[in-house]
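S.K.: Right, I'll just put the structure down here and ask away after.
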Amino acid sequence: MATVAYIEGFEKLRLLDAAIDQSRHSVLITDADLDDGPRIVYVNAGFEQMTGYAADEVLGKTPRLLQGPRTSRVILDRLRAALDAGEMFDGEAINYRKDGSTYVVRWHISPVYADDAPERITHYVSLQQDVTAERERDEQLRLLSTALEVSGDPVLITDPEGTITYVNAAFEELMGYSRRDVLGANPRRFRSGSHDDAFYRGMWESLERGETFRGEFVNRRRDGSLIHLEQTITPVLDDHGEISHYVALGKDVTDRVRMEDEIRRVANTDWLTGVANRLSLGNTLEAEIERSQRYGRPLSLIMFDLDHFKAVNDRYGHDAGDEVLKALAKTVSAELRDADTLGRWGGEEFIILVPETRLVGATAMAEKLRQAVAAMSVPGVPGVTASFGVAERASGDSAKLLARRADEAMYQAKRAGRDRVVAL
């Protein structure tokens with residue numbers, strides 16, 4: 001029986017030795033001489049593979065030959081304190097390989113006590129794992145997280161259902177929401193109503209195909225103001241090729257949009273009165289003529305001119321004349337429909353495009369406007385009136401011909417005594 005037990009015990013030791021030697025993890029065993037420094041008495045194949053040292057190159061030597069220059073002094077002090085106390089120790093260090101390269105190692109060191117003296121430590125067993133790749137990934141993630149956080153552009157991340165899981169500091173500053181306000185919410189809360197359902201439908205169709213979507217969003221800040229964002233939204237795939245997140249990188253282009261709007265406004269607006277200028281008015285007239293011809297719809301034109309405007313400038317000064325022109329544009333604009341277009345044709349001469357309106361209707365409108373102008377009050381300038389000419393587009397009329405007929409009607413009104421409406 002003793003022989004059988006011995007054989008069984010030997011077999012268990014053989015299997016244990018094989019298991020340790022074939023382990024993917026590094027195993028290192030030292031003696032317990034802490035005064036002169038513990039000496040290596042065993043290393044497995046995993047140790048040789050991880051460090052580049054063969055067993056016969058390290059047996060009898062101190063593990064300090066592996067110690068790298070950036071190992072924390074705090075870690076080493078904690079290690080020595082644990083060994084002195086006979087306790088297990090877990091920690092990480094930066095070690096040298098034989099070729100001089102460094103690697104990050106995770107230690108788990110356990111004391112081994114003598115069978116005949118449980119209080120006496122005979123060896124230390126160190127299980128070591130190379131975690132260099134893991135720490136490099138951690139560092140990359142840390143750098144990426146830092147880059148996102150310090151970016152001056154807003155970043156928003158959602159899960160596949162569109163629930164917000166992250167926003168950066170720039171998002172908080174631009175949108176006026178704290179993270180606490182938006183985490184767990186849906187980006188729908190930022191919609192301003194500037195985009196229709198087709199816009200968002202197209203966005204989701206692209207994203208669900210795994211494609212990046214780029215577009216300009218008009219969103220609403222917490223204070224109700226609008227912000228224009230150029231956004232790039234990218235699906236992030238997991239290891240199985242399924243969408244795990246959406247990352248939205250934005251750029252605030254509100255100032256640029258406002259500047260472009262202002263440039264367009266200046267290019268198309270009369271600087272004094274704020275109505276369409278001659279260039280814009282001419283383009284609109286051409287477009288309305290084409291539409292009227294294509295669909296056979298009526299189109300009328302009203303042209304009017306202030307009476308005795310030169311006398312106003314001569315008697316009251318050009319500043320007073322400018323105030324009259326501004327008051328005239330404001331008074332007439334207030335009486336028009338949304339479809340009508342008022343523009344300054346030049347000097348004290350104005351044109352109104354009246355789509356979907358026959359001559360009789362445009363003439364009635366002109367009479368209403370004439371009365372409104374005559375009733376207008378301009379401080380320091382009494383008795384302002386205007387003469388109106390009305391013309392309806394005839395078959396084959398160009399913009400020039402239609403404007404010429406309206407101009408002729410207006411001058412007939414002036415020759416007939418001014419402050420009246422003439423239709424041709």
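The values are calculated or read from the model by the stated rules, or taken from the named source; none is laboratory data. Note that the coordinates shown come from a computational prediction; the quantities given were computed from them, not determined experimentally. In this analysis, Cβ positions are derived from the backbone assuming ideal geometry, glycine residues included, and neighbour counts consider all displayed protein chains. Just the protein is used for accessible areas: all its heavy atoms, side chains included, with ligands, DNA and RNA removed. Shrake-Rupley method; radii C 1.70, N 1.55, O 1.52, S 1.80 Å.
S.K.: Just give me the residues in the stretch 207-229 being of a type in the set (A, V, I, L, M, F, W, C) and either in contact with a helix residue (DSSP H, G or I) (Cβ under 9 Å, 6 or more places away or on another chain) or closer than 18 Å to residue 260 by Cβ (or both), in sequence order.
M.R.: 213, 217, 218, 226, 227, 229
S.K.: Of the conditions (1) open to solvent by 50 Å² or more (accessible area, probe 1.4 Å); (2) on the phi < 0 side of the Ramachandran plot, residue 325 clears all except one; give me its number.
M.R.: (1)
S.K.: How about the stretch 271-300: which of its residues are without any contact (Cβ under 8 Å) to a residue 12 or more places away in the chain and open to solvent by less than 70 Å² (accessible area, probe 1.4 Å)?
M.R.: 287, 296 - these are the residues of the stretch 271-300 that are without any contact (Cβ under 8 Å) to a residue 12 or more places away in the chain and open to solvent by less than 70 Å² (accessible area, probe 1.4 Å).
S.K.: Which condition does residue 156 not pass, out of (1) under 16 Å from the mean Cα position of the chain (by Cα); (2) outside any helix (DSSP H, G or I); (3) surrounded by fewer than 16 Cβ atoms within 10 Å (Cβ to Cβ), if it passes all the others?
M.R.: (3)
S.K.: Do you know which residues across the stretch 118-152 are open to solvent by 70 Å² or more (accessible area, probe 1.4 Å) and part of a loop (DSSP other than H, G, I, E, B)?
M.R.: If the condition is that a residue be open to solvent by 70 Å² or more (accessible area, probe 1.4 Å) and part of a loop (DSSP other than H, G, I, E, B), then 118, 119, 120 are the ones that fit.
S.K.: Could you say whether any residue in the stretch 236-243 is at pLDDT below 95 and open to solvent by less than 30 Å² (accessible area, probe 1.4 Å)?
M.R.: Scanning the stretch 236-243, I find no residue that is at pLDDT below 95 and open to solvent by less than 30 Å² (accessible area, probe 1.4 Å), so the answer is no.
S.K.: Does the stretch 305-319 hold any residues that are surrounded by 18 or more Cβ atoms within 10 Å (Cβ to Cβ) and either out of contact with any Lys or Arg (no Cβ under 6 Å at 6 or more places or on another chain) or among the small types (Gly, Ala, Ser) (or both), and which are they?
M.R.: 305, 306, 309, 312
S.K.: Now for a separate question. Return yes when residue 384 is assigned to a helix (DSSP H, G or I) and not acidic (Asp, Glu) and no when it is not.
M.R.: No: the conditions fail for residue 384.
S.K.: Suppose we filter the stretch 349-364 for residues that are under 47 Å from the mean Cα position of the chain (by Cα) and β-branched (Val, Ile, Thr); how many remain?
M.R.: Total meeting the criteria: 4.
S.K.: Answer with yes or no whether residue 147 is among the aliphatic types (A, V, I, L, M), within 30 Å of residue 29 (Cβ to Cβ) and modelled with pLDDT under 90.
M.R.: Judged against the criteria, residue 147 is not a match.
S.K.: For the stretch 63-91, which positions are within 19 Å of residue 50 (Cβ to Cβ) and open to solvent by 60 Å² or more (accessible area, probe 1.4 Å)?
M.R.: Correct list: 64, 67, 69, 70, 90.
S.K.: Any idea which of 93, 117 is among the aliphatic types (A, V, I, L, M), touching a helix residue (DSSP H, G or I) at 6+ places or on another chain (Cβ under 7 Å) and closer than 22 Å to residue 41 by Cα?
M.R.: Step by step, each of 93, 117 is checked, and only 93 is among the aliphatic types (A, V, I, L, M), touching a helix residue (DSSP H, G or I) at 6+ places or on another chain (Cβ under 7 Å) and closer than 22 Å to residue 41 by Cα.
S.K.: So which residues in the stretch 164-184 are surrounded by 13 or more Cβ atoms within 10 Å (Cβ to Cβ) and over 16 Å from residue 148 (Cβ atoms), if there are any at all?
M.R.: 176, 177, 181, listed by residue number.
S.K.: On the given criteria, is residue 399 closer than 18 Å to residue 278 by Cβ and at pLDDT below 95?
M.R.: Answer is yes for this residue.
S.K.: OK, next. Pairs please, first residue from the stretch 395-424 and within 29 Å of residue 294 (Cβ to Cβ), second anywhere and open to solvent by 30 Å² or more (accessible area, probe 1.4 Å) and hydroxyl-bearing (Ser, Thr, Tyr), Cβ atoms under 7 Å, 6+ apart in sequence or on different chains.
M.R.: 423/363
S.K.: Check the stretch 254-270 and report whether any residue there is open to solvent by 50 Å² or more (accessible area, probe 1.4 Å), modelled with pLDDT under 95 and part of a strand (DSSP E or B).
M.R.: Within the stretch 254-270 (the criterion being open to solvent by 50 Å² or more (accessible area, probe 1.4 Å), modelled with pLDDT under 95 and part of a strand (DSSP E or B)), the answer is no, since none of the residues qualifies.
S.K.: Just checking, which of 59, 76, 34 is modelled with pLDDT under 85 and more than 22 Å from residue 134 (Cα to Cα)?
M.R.: 34
Yes/no matrix, rows are residues, columns are (1) over 18 Å from the mean Cα position of the chain (by Cα); (2) within 29 Å of residue 369 (Cα to Cα):
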| site | (1), (2) |
| --- | --- |
| 220 | no, no |
| 235 | no, no |
| 251 | no, no |
| 261 | yes, no |
| 281 | yes, yes |
| 285 | yes, yes |
| 290 | yes, yes |
| 306 | yes, yes |
| 309 | yes, yes |
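S.K.: Would you confirm, using the coordinates I've provided, whether residue 400 is in a helix (DSSP H, G or I), under 23 Å from residue 323 (Cα atoms) and of a type in the set (Lys, Arg)?
M.R.: Considered against the rule, which asks whether it is in a helix (DSSP H, G or I), under 23 Å from residue 323 (Cα atoms) and of a type in the set (Lys, Arg), residue 400 comes out as no.
S.K.: Continuing with this model, one more query. Got a number for residues in the stretch 76-109 being part of a loop (DSSP other than H, G, I, E, B), farther than 16 Å from residue 27 by Cβ and not hydroxyl-bearing (Ser, Thr, Tyr)?
M.R.: 7
S.K.: Further question: Identify all residues within the stretch 379-398 that are surrounded by fewer than 19 Cβ atoms within 10 Å (Cβ to Cβ) and over 13 Å from residue 332 (Cα atoms); write none if there are none.
M.R.: 379, 380, 381, 382, 383, 394, 395, 396, 398
S.K.: On to the next question. Which members of the stretch 205-218 meet the condition of being free of Cβ contacts under 8 Å to residues at least 24 places away in the same chain, loosely packed, with under 13 Cβ neighbours inside 10 Å and in a helix (DSSP H, G or I)?
M.R.: Within the stretch 205-218, 205 is the sole residue that qualifies.
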